[in-house]
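Participant: Below you will find the structure I want to go over with you.
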Amino acid sequence: MKIGIAFDLKPDTPFPPTTSLTANADDWAEEFDSPATIAALAEALRTMGHSVVELHNGPTLLTALLADPPDLVFNIAEGHGHSRNREARVPAVCEMLGIPYTGSDPLTLAVALDKTKARTLAAAAGVTLPAGCVLPPLPPDYDGDFAEFGPLIAEAGLRYPVIAKPAWEGSSKGICHRCLIERPDDLGAIVQELGTGYRQPILLEEFIAGEEVTLGIVGNDPPQVLGAMRIIPRDTSRPFVYSLEVKRNYAALVDYECPAQLPPAVMRELEASAFAVWDALDCRDVARFDYRIRDGVPYFLEVNPLPGLNPVSSDLVLIARAMGMRYHDLIQTIVQAAESRM
């Protein structure tokens, strides 16, 4: 079978050690993939006996699909810009051209990227969430006192500390340690900077002081839990945020525990919650789910139906490896799940 890989390539220049909360934020390509990831993915597909073509994204992808369409598109393309629909572009094009692809469909990808909409569907499915509200972006020249935020926060029942996040981003874009806000006086300036820098609403959530856990699900009919991994900070002197600073320096700042050493009852509740979100958003083939666990209760944070596949550092790959699955086997599982729908 001929498989085309749709992806966005990370620039060659290294990222600075920390992120900014300004319009010049250095994390604009954080979600994109390295050449090493594309090479590893292509090698895994060739090991399975497939021929592989690199489609990239944007006009290059469109030209390639029209000229010589593959039998299947392996989609890891995140899309450029700030649009909440950017991750849905490749599957939408594939559906228009009648080309099968891996992963979830355009609606699922768009809803999952918009954390506010994913929260709405998860809550309707009975999933436990942190209290939260959405703050609209204010004009860059705003010089008020942010009083308009007060009624929204009060209605949501939010208590400090809270954490502020761009509503339509992935890979911890825009989330740094400063986004953990412990006093009302610190809220306005950070929310304003995020709104200006990322040009989108800001999700404000109750900060769940607990264990950070991510869980992978693969396959269809039925989907299966791949495993759960706990992210353990080495610095316990302050509240832990799995921020962009941490992810860029993960080897020095955190330890990964997989399988996560959770009580059986908590693990059952975690898996049930992830499956409920999977069903509510109609996920397919593969997804990764992020949680914080407080007092034995898993609080759903977000779902990533386009999880990273870096062979060394991506959370889903680390989970697979810890559970005894080689990288090639993980890729084969995703392809087979997509093939079962063809």
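Participant: Give the residue, chosen from P259, P184, that is surrounded by fewer than 17 Cβ atoms within 10 Å (Cβ to Cβ), of a type outside the set (A, V, I, L, M, F, W, C) and more than 28 Å from C133 (Cβ to Cβ).
Facilitator: Values: P184 fails: more than 28 Å from C133 (Cβ to Cβ).
After applying the criteria, what remains is P259.
Participant: Hey, any hits in segment 294-301 for a residue that's more than 30 Å from N85 (Cβ to Cβ), outside the structural domain of P100 (by TED's automatic domain parsing) and of a type in the set (G, A, S)?
Facilitator: Checking segment 294-301: at least one residue is more than 30 Å from N85 (Cβ to Cβ), outside the structural domain of P100 (by TED's automatic domain parsing) and of a type in the set (G, A, S).
Participant: Considering only residues that are under 16 Å from R294 (Cα atoms) and outside any loop (DSSP other than H, G, I, E, B), which ones fall in segment 229-247?
Facilitator: Scanning segment 229-247 gives M229, R230, I231, I232, P233.
Participant: Residues in segment 235-294 that are of a type in the set (F, W, Y) and at pLDDT below 95: how many?
Facilitator: Keep residues of segment 235-294 that are of a type in the set (F, W, Y), which gives 240, 242, 250, 256, 275, 278, 289, 291.
Right, trim to at pLDDT below 95 and you get 240, 242, 250.
Total satisfying the criteria: 3.
Participant: Next question. With the structure loaded, tell me whether D105 is among the acidic types (D, E), farther than 27 Å from P70 by Cβ and either surrounded by fewer than 19 Cβ atoms within 10 Å (Cβ to Cβ) or modelled with pLDDT under 95 (or both) or whether it fails that test.
Facilitator: no
Participant: Limited to segment 90-102, what total is found for residues that are surrounded by 17 or more Cβ atoms within 10 Å (Cβ to Cβ) and either modelled with pLDDT under 95 or of a type in the set (D, E, K, R) (or both)?
Facilitator: Total satisfying the criteria: 0.
Participant: Looking at L152, L158, L135, which one is surrounded by 21 or more Cβ atoms within 10 Å (Cβ to Cβ) and either among the acidic types (D, E) or over 30 Å from V317 (Cα atoms) (or both)?
Facilitator: The conditions single out L135.
Participant: Could you tell me how many of the residues in segment 294-314 are surrounded by fewer than 21 Cβ atoms within 10 Å (Cβ to Cβ) and either of a type in the set (A, V, I, L, M) or part of a helix (DSSP H, G or I) (or both)?
Facilitator: 2
Participant: Please determine, by comparing only the residues of segment 315-335 that are in contact with a strand residue (DSSP E or B) (Cβ under 9 Å, 6 or more places away or on another chain) and of a type in the set (G, A, S), which one is surrounded by the most Cβ atoms within 10 Å (Cβ to Cβ).
Facilitator: Across segment 315-335, the extreme among qualifying residues is A320.
Participant: Among the residues that make up segment 70-85, is at least one of them closer than 29 Å to Y299 by Cβ and among the β-branched types (V, I, T)?
Facilitator: yes
Participant: Among the residues of segment 228-239, is there at least one that is under 19 Å from F300 (Cα atoms), charged (D, E, K, R) and in contact (Cβ under 8 Å) with a residue 24 or more places away in the chain?
Facilitator: yes
Participant: Filter segment 65-75 down to the residues that are within 15 Å of L109 (Cα to Cα) and surrounded by fewer than 23 Cβ atoms within 10 Å (Cβ to Cβ) and list them by number.
Facilitator: Residues satisfying the conditions do not exist here.
The values are calculated or read from the model by the stated rules, or taken from the named source; none is laboratory data. The structure presented is a predicted model; accordingly, all values stated were derived computationally and were not measured. Methodologically, a virtual Cβ is constructed for each residue, glycine included, from the backbone with ideal geometry; neighbour enumeration extends over all protein chains shown.
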